[in-house]
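Notes follow the structure.
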Amino acid sequence: PVDRETIHFLKRAAAAKVPLIGVCTGSFILAEAGLMRYHQTCVSWLHIKEFRERFPDNPVRADCIFNLDRRRGSCVGGTSAADMAATLVRRHISGRAERNALEVLQIDQARPAVHIQPRRPLFKDFSNIHVKVALMTMEQNLDGMTIEDLAARIGVSRRQLERVFIETTGLSPARAFKQIRMDYAKRMISKTRASNIEVALEVGLKNASHFTRSFKRVHGQTPSQVRGS
């Protein structure tokens with residue numbers, strides 16, 4: 001929890017039209033102050049699930065390294081803060097000032113906001129941009145999304161998505177999505193005390209028996225067997 005003094009300070013700054021930026025989990029503080037509800041927040045793929053749970057009414061994304069939305073900015077942390085700073089220097093001062101700042105930081109070139117976040121690869125690190133974005137979107141929507149909605153979100157038809165998935169991964173999008181959901185379920189079962197129905201709901205399944213069957217088909221063991229191993 002953030003102390004009241006900090007929350008009041010941020011609200012006063014926002015009321016005075018001071019631009020506010022959240023670096024890494026600093027975006028959670030801005031959201032807790034109620035200052036990101038009408039601004040899109042960029043967070044790490046590691047934190048997007050927690051952010052959505054804590055701030056369900058706030059728009060959020062984890063498919064880029066930073067986001068500048070009117071008087072709010074947010075980034076995933078690490079070197080993305082330098083990338084965002086470079087954009088701000090170029091926007092408000094000049095390209096020359098940006099280059100000078102990057103030289104001081106020993107950075108050859110700043111990455112654009114839309115640069116896809118470096119992340120733990122799913123299956124392996126596929127180079128096809130549609131597959132990469134689709135896999136990332138799947139992991140961010142474990143509790144349910146149709147393949148039609150997935151294709152629409154990344155700007156291709158369902159047939160195009162299925163073709164590129166099979167060519168690139170050897171799996172259909174639906175099969176890959178199931179694998180991702182069951183992998184997440186296995187991590188939950190191994191590392192938490194969540195019940196089977198709680199895990200099932202997390203990955204978009206409505207009852208424990210359906211979840212157990214799906215889990216066993218993917219992992220060759222039931223959830224109970226994994227807990228006991």
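Brief remarks on what is shown
- Springs between Cα atoms under 10 Å define the GNM used for the chain, and in it the highest mean-square fluctuation of LEU68, LEU201, LEU142 occurs at LEU201.
- Relative to the current alpha-carbon distance between THR222 and ASN207, full extension at 0.36 nm per residue lengthens the span by 3.9 nm.
- Of the chymotrypsin sites (Phe, Trp or Tyr not before Pro) found in the stretch 20-127, those in coil by DSSP whose Cβ has at most 13 other Cβ atoms within 10 Å are TYR38.
- Here the chain carries DSSP beta bridges of which approximately 40% are antiparallel, counting only pairs with both residues inside.
- Of all lysines in the structure, the ones whose alpha carbon falls short of 30 Å from that of LYS178, not counting any fewer than 8 places away in one chain, are LYS49, LYS124, LYS132, LYS186, LYS191, LYS206, LYS216.
- With K and R counted +1 and D and E -1, the other residues having a Cβ less than 14 Å from that of VAL23 yield a net charge of 0.
- Positive minus negative residues near HIS219 (Lys, Arg vs Asp, Glu; Cβ under 11 Å): +2
- For THR41, residues with placed amide H under 5 Å, excluding near neighbours: VAL60, ARG61
- For the chain, the 222 nm mean residue ellipticity estimated from helices alone, with every DSSP H stretch of n ≥ 4 adding -39500 (n - 2.57) and the total spread over all residues, rounds to -16000 deg cm²/dmol.
- Each residue of the stretch 163-174 is assigned a 3J(HN,Hα), and the resulting list reads 5, 5, 5, 5, 5, 8, 10, x, 10, 6, x, 5 Hz, derived from the Karplus form 6.51 cos²θ - 1.76 cosθ + 1.60 (θ = phi - 60°), x at Gly and Pro.
- Between the helical axis of 4-15 and the longest alpha-carbon principal axis of the chain there is an angle of about 70 degrees.
- Panel order for SER172, SER74, by other beta carbons found within 10 Å of each beta carbon, from fewest to most: SER172, SER74.
- Relative contact order (%) - criterion: Cα under 8 Å, at least six apart; region: the stretch 129-228: 24
- Annotation note: trypsin sites (Lys or Arg not before Pro) in the stretch 19-114 located in DSSP loop regions with a Cβ neighbour count of at most 14 within 10 Å are ARG37, ARG70, ARG71.
- Beta bridges assigned by DSSP with both partners in the stretch 4-104 are antiparallel in approximately 40 percent of cases.
Values quoted throughout were computed directly from the atomic coordinates according to the rules given, and no laboratory measurement underlies them. What you see is a predicted model, and the numbers here were worked out from it, not measured in a lab. Because the Cβ atoms are built from the backbone with ideal geometry, glycine has one as well, and the counts that use them run over all protein chains shown.
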